[in-house]
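Only one structure is covered here, and it is reproduced in the block below.
None of the figures in this text is laboratory data; all of them are computed from the coordinates on show. Remember, predicted model here, so these are calculated numbers, not experimental data. Using ideal geometry, Cβ is built from the backbone for each residue, glycine included, and neighbour counts are taken over all protein chains shown.
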Amino acid sequence: MNRLKTALKPRIHKWRTNFYLLRKNKLTFLSLLFIILLVVVAIFAPLLAPHPEHIMEMTNPSEKLLPPSGEYWFGTDELGRDIFSRILYGTRISLLASLAAVGLAMLIGIPLGALAGYKGGWIDNVIMRICDIFLSFPSLLLAIVIAAFAGPSLKNALIAIAISWWPWYARIVRGQAISLKERQFVRASRAIGNTQGKIIFQHIVPNCMAPVIVQASLDFGSIILTLASLSFLGLGAQAPTPEWGLMINTSKTYFLNAWWYSVFPGIAIFLAVLAFNLIGDGLREIMDPRTRNR
Amino acid sequence: MKNFIIKRILLGVVVLLGVVAITFVVTRVIPSNPALQWVGSRATAEQIAAAEEELGLNKPIPVQLGIYLNDMLHGDLGYSLKSHRPVVDEIMENLPPTLELVLLGTIFAIVAGMALGVLTASHKNKWQDHLGRFFSVGSVSLPTFWVALLLQLLFYGVLKLLPIGGRLSMDAQLFGQVPDVTGFLLLDCLLTGNFSVFGDALSHLILPCITLALYPTGMVARMTRSALLEILNEDYIKAAQSYGIKRKIILWKYALKNSLGPTVTVVTLSVGYTLVNTFLVESVFNWPGLGSYISDAVMNMDYPAIMGVTLFSACAYVVLNMIADIVVALDPRVRI
Amino acid sequence: MKNRFWKITAAVLCAALTLGLAGCGSGGTSESAGGTQTTAQSSGDGSATSIGTGQRAIYATYDMPALDMDPSVNFNNSICSLLNIYDTLLRYDYKNDSFVYVACDKYEKSEDGLTWTFHIREGMKFHDGTPVNAEAVKFSFERTKSMGKGAAFIWDAVESFEVKDEYNLVINLSYSQPMDLTVCSPYGAYIMSPATVGEAGEDFFSGAVDAGSGPYYIESRTGNTQLVLSAFAGYWDGWKENSFEKVVLTQASESSTRRQMLEGGDADFVSELPSEDNEALAGNENLTLVKTQSFENLNLLLNTEKSGPLQNEKVRQALSYAFPYQDVVDYVLGGNGTQAYGPVPAGLWGHSEEVLQYSYDLEKAKALLAEAGYAGGGFSLVLTYVTGDEVERKAAELYQSELDKLGISLEVRPLTSDMFVEMGQNTDPEQRQDMSLIFWYPDVPGPYTFLYTFYHQSEPISWNWTYYKDDAFDAMIDEANLLSGSDRDAATKKFIEAQNYIMEKACSINIYDKVYCRIYNKSVGGYVDDPSYPNTVFFHQCYRQ
């Protein structure tokens, strides 16, 4: 039985060729390196930060709004905290929160999509119409509305993002599930009397993961950006969390007197989102057979 | 075809009903107290109770939803909790400035984006292409609210060239005899030949407009490039090439024309995106439009206002989506 | 070739335009847009003629200047407009602790303080040309009282308004209250024309209309965000040759925009700027900076009722010693404030430096915590404030940083104003916050409003968010309040005593008394920042130098 399963599993990985293509595309490769750097920073932020005490509670008001210097590379904020340390730590918050948002979106989207694709009929219809409703207004708007009403906090912001994002994954999984449910190994599983739930979660879902993960990595940049946007509107992370969007929001009051306060967190957002988007762009190029060989 | 359009419109209606239901339910499950908002935080308990009565908050939620839907069909979206004025009136007042921004930003994006797309496609894998692609990916990666602050810092803080915000300077507002024909300030100025106000309005418009145009510019450039590349690979183009027709002519005359379909789709969709982006940008520029209106409403938990703007944007988005679909459907090359 | 390109571009542009218009068509057309209404008022004798000075003044406000323009209902910051459009009987003069006579030129009260007779200034006219008389004043106050909205409660003590003759209005009270202070209120004490208002409801005032007798009338209005006022030539107090003929009040909620307007000469007055901007603008030779001691203070109210460490007086005292008062004054306010002595702000009668003042002393705080059995902290507290207030946020964060050193973790929770109130007034004491930041200013200038609001028992809970229950204290301030009508000195003494008593209990951390720091255009003369009418510019007093 197990051997049959392995034999019938679709082979979608050609990592070696893909990695080669990735190496060939310099910009994409650079972005990959940058993302690895981001992850490293995120993990070791408190160790890397020159002023780890400034990350959360600690304030230092007598040194407020100092311009960049050897001591404070990116200057200090309105409570005298080191902006560089806070930006480093912000990497962890942005990456973790975005990861949680994507994970949550998958958690909602994948089972619903699999159910819709596998069952078909009215269940499929209802789930897909609900998806249509969610997809037919801008995800940022939906996230704003949900976060506004749920009360401003980082947790609610990422729930809001997940709620506005899940239909994308549901759609992908549904498409996969429709093609999978007539495959031999699923039929076999049905034939030996496995329950529907078991079939969906043991056979359909695992085999849908690859395209979903690819899609998620394509979305990651936009999710970081959406999270920062929510925080900028005051609907995401709350002070004193060193979230990038929130830092820019706070800096609005001071930016004419302290340019560094707005500029550096923005660069951080931009670079992170750019790296993920470039990777996405590169992946698309690699996976698109029409452009691959040229 | 007819069936397709009817189906599409019906779906649109379903979507809008869904939007109403979702936002409505969301507004009623939160622990906020609209009656308290209505009367202000120093109000007495009796005043709050009276407000609950007045706003119909003591009725069951399904009844409230029914009332809301009924009112909505009659063009009534309720009253703003903060200003106590009809939400519809306020949306209508705030709409023209926002549309002005969105339209001009989109036009800018189309022109710049298509030019960039053609440039990158015709120089594929040369430095122009890399730079252009970097720009188009970069422009969709920029946090718009940050760009807004950056432009203010540069053009107001450092160069002192452009105003930091607002739609008109006070002088122009008071003594410029600001025309009011369509609500689109620039257009009105041109229609009435009022060039001093036109200049003033334009100088206020430039920064927010550029900020909003960045995203669609990247999208259009990207789409134009990939559509062009695909078309340039088609047999008829290859045939044209083999006939010895100049590359430029092929590019501009044959290829670009055929790449317009996907570009139009991207443009319609990005109009919706730009509309939402105004929510982030307008308040930074103190631009008196829907974006500032909703960010105020969000800060004050003014839920009828939030619902009104959400509904309105969803409407606009659904209609734009529909148009995009229909345009694609009308394209003879696409079969449904 | 080029031609082709332009043709295509033009086609795309047209498409975009149609799409855009279709987009706006979906929500209704924008024909009626613009939103500026001009006055429809057929002016009587006054407003039609202009005062002809050609001077104008512009005030950029943080809040909407035309929100709730019904003078009977208004209870918000739009008083900065209303006070220029409507007259009150009297106006409080904070500098001399006396009264300025406006629509009333003399008044008297009965021995028992229950009957007040106000004599209306003769010859005054409303903007609609009808005369201001006792009948009109009675109509105005009764309208406000019967509508029961906004600050209608200021008339709670009134039994009846009675027109004695053309110019004499008698107010009968059911219990003693200083009516001369009440009629100074910027909320709910406006006089309006019965001819214009008549039976009109609140909706009437959503237009570009007014019913006042004040120095300015509404010329045009853009939603709630902008008002253009025009000088009323028939104003009783007359005009100078360099008075402001037109006044514009416009909203600019982003402080950077207000700063730009001020720097560029686009605004003469702006709402408060962040202290960093004040410092940056102080050197600008076109601007004047005035500082005025205000009646506003910032308080951190501690929940004495909720089970937990805050029930312990020693812990509350420790928390009072842990607050970085001077850091807040220096770095958050840029020096525009002073550490408070008790809950009554400096400049107001009843304030005294004899009142117990806590100082920042972490060692003492640690010792007190240990004494209370909480050595090393080990508990957590929730602090709430109204979202969007930068000063409160920064003060909270600075405090958080200090409490961290004591091993107390402070959760700072910004809430929208309604959620903030909901939490504070929650019927279940355990669901309330541990501490909350509250700015307070007096409804009626005096110490009682502060002491009553924060510490006096009241059911249901209103703003006494210390939830302090002490009959002895309540009796002390009630007695002092009764005394204040007859013997101010004795009352002051009692109020100081009460403050010392309450500070010992450490129910609140009184952080600072605010100093208004206002920057305005140097060419404007005659401006006085009056803390009894927060953020209001009385344009009639001002002129262009």
Original post:
What percentages, rounded to whole numbers, describe P(r) for region B:2-73 computed over all alpha carbon pairs with 10 Å bin width beginning at zero?
Top reply: 17, 36, 25, 12, 7, 2
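Net charge near A:Pro211: determine it from the other residues with C-beta under 12 Å of the C-beta of A:Pro211, scoring Lys and Arg +1 and Asp and Glu -1. Numbers along the way, then the final one.
Details: positive: A:Arg171, A:Arg174; negative: none.
It works out to a net charge of +2.
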Original post:
In whole Å, how far is the Cα centre of region C:284-315 from that of region C:67-134?
Top reply: 31 Å
**OP:** Show which lysines lie in cross-link reach of B:Lys126 when reach means a straight Cα distance below 16 angstrom and same-chain residues fewer than eight apart are skipped.
**Re:** A:Lys24, A:Lys26
Subject >> Relative pair counts by distance (%), Cα atoms of region C:304-368, 5 Å bins >> reply: 4, 17, 18, 20, 21, 13, 7, 1
**OP:** Mind checking region C:94-202 for trypsin sites (Lys or Arg not before Pro) that DSSP puts in a loop (not H, G, I, E or B) and that have at most 12 other Cβ atoms within 10 Å?
**Re:** C:Lys95
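Please give the average number of partner chain Cβ atoms lying within 10 Å of the Cβ of each residue in B:315-323, rounded to a whole number.
Numbers: counts 7, 9, 6, 4, 7, 6, 4, 3, 5.
Taking the mean over all residues of the peptide, I get 6.
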Original post:
What helices does chain B hold that run 27 Å or longer along their axis, going by alpha-carbon atoms, with a Kyte-Doolittle average of -1.0 or more, using DSSP H for the helix calls?
Top reply: B:2-29, B:87-122, B:195-232, B:260-285, B:303-330
Original post:
Between their Cα atoms, which of C:Lys95/C:Lys314; B:Lys160/C:Lys246; B:Lys7/B:Lys253; C:Lys306/C:Lys366 are more than 32 Å away from each other?
Top reply: C:Lys95/C:Lys314; B:Lys7/B:Lys253
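Rounded to the nearest 500, what is the 222 nm mean residue ellipticity of chain C from helices alone, with -39500 (n - 2.57) per DSSP H run of 4+ residues and division by all residues? Show your work: numbers first, answer last.
Numbers: 15 runs with 157 residues, N = 545.
That comes out to -8500 deg cm²/dmol.
Shape of chain C from its Cα gyration tensor (a ≥ b ≥ c, root eigenvalues): rounded if a/c is under 1.5, otherwise prolate when a/b > b/c, or oblate? Walk me through the intermediate numbers first.
Values: a/c = 1.89, a/b = 1.20, b/c = 1.57.
The shape class here is oblate.
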Subject >> Two-decimal ratio, the protein assembly as shown, of alpha-carbon radius of gyration to 2.2 N^0.38 Å >> reply: 1.01
Original post:
Among residues other than C:Gly335 whose Cβ falls under 10 Å from its Cβ, what is the net charge (Lys/Arg +1, Asp/Glu -1)?
Top reply: -1
**OP:** Determine, from the Cβ-Cβ distance of B:Gln177 and A:Val40 and an R0 of 41 Å, the FRET efficiency 1/(1 + (r/R0)^6), rounded to the nearest 0.05.
**Re:** 0.10
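Averaged over B:91-103, how many beta carbons belonging to a partner chain fall within 10 Å of each residue's beta carbon? All intermediate terms of the calculation are to be shown ahead of the outcome.
Values: counts 3, 10, 10, 4, 7, 6, 2, 1, 6, 1, 0, 3, 8.
Per residue, the average neighbour count from other chains is 5.
Kindly state, to the nearest 0.05, the FRET efficiency for C:Gln311 paired with B:Ala49, given R0 = 41 Å and r defined as their beta-carbon distance.
Working: r = 32 Å, r/R0 = 0.78.
Efficiency for this residue pair is about 0.80.
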Original post:
Which of these, A:Ser231, A:Ser164, A:Ser189, has the largest mean-square fluctuation under a Gaussian network model of chain A (Cα springs below 10 Å)?
Top reply: A:Ser189
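Compute the semi-axes of the equivalent ellipsoid of region C:64-174, taking the square root of 5 times each eigenvalue of the Cα gyration tensor, and list them largest first in whole Å.
Numbers: eigenvalues 97, 58, 51 Å².
In descending order the semi-axes read 22, 17, 16 Å.
Counting residues in region A:181-248 as N, plug N into 2.2 N^0.38 Å and put the Cα Rg over that result. Spell out each step's value before the answer.
Working: Rg = 20.6 Å, N = 68, 2.2 N^0.38 = 10.9 Å.
Cα Rg divided by the expected 2.2 N^0.38 Å: 1.88.
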**OP:** Could you let me know the centre-to-centre spacing of region B:237-279 and region C:212-232, using Cα atoms, in angstrom?
**Re:** 53 Å
Original post:
Net charge near B:Leu65, counting Lys/Arg +1 and Asp/Glu -1 over other residues with Cβ under 12 Å of its Cβ?
Top reply: +1
**OP:** Over chain A, consider all pairs of different Cα atoms and compute the Kirkwood hydrodynamic radius from their mean reciprocal separation; express it in Å, one decimal.
**Re:** 21.2 Å
Original post:
Can you list the lysines whose alpha carbon sits under 17 Å from that of C:Lys106, skipping same-chain ones fewer than 8 residues off?
Top reply: C:Lys138, C:Lys164
**OP:** Please report how far the C-alpha centroid of region C:503-524 lies from that of region A:46-66, rounded to the nearest whole angstrom.
**Re:** 28 Å
Original post:
So how far apart, in nm, are the two label points at B:Lys253 and C:Glu430 if each is 7 Å from Cα heading toward Cβ?
Top reply: 8.4 nm
**OP:** Could you pull out every whole DSSP H run in chain C that spans at least 18 Å of Cα extent along its own axis and averages 0.0 or higher on the Kyte-Doolittle scale?
**Re:** C:2-25, C:471-484
Original post:
So how far apart, in nm, are the two label points at C:Leu356 and A:Ile123 if each is 7 Å from Cα heading toward Cβ?
Top reply: 6.9 nm
Subject >> Stokes-Einstein translational diffusion, region B:94-335 - Kirkwood Rh over all Cα pairs, 1.567 mPa s, 4 °C, in µm²/s >> reply: 66 µm²/s
Subject >> Residue mean of other protein chain beta carbons inside 10 Å, C:416-426 >> reply: 5
**OP:** With label points built 7 Å along Cα→Cβ from the Cα atoms of C:Asp237 and A:Val214, find their separation and express it in nm.
**Re:** 7.6 nm
**OP:** Taking only Cα atoms and a 10 Å spring cutoff, compute GNM fluctuations for chain B and point out the largest among B:Ser122, B:Ser259, B:Ser196.
**Re:** B:Ser196
Original post:
Build a GNM of chain A with springs between Cα atoms under 10 Å: which of A:Ala188, A:Ala162, A:Ala49 gets the top mean-square fluctuation?
Top reply: A:Ala188
**OP:** Enumerate the aspartates and glutamates that A:Lys119 could reach by cross-link, defined here as Cα to Cα under 15 Å, with residues fewer than 8 away along the same chain left out.
**Re:** A:Glu182
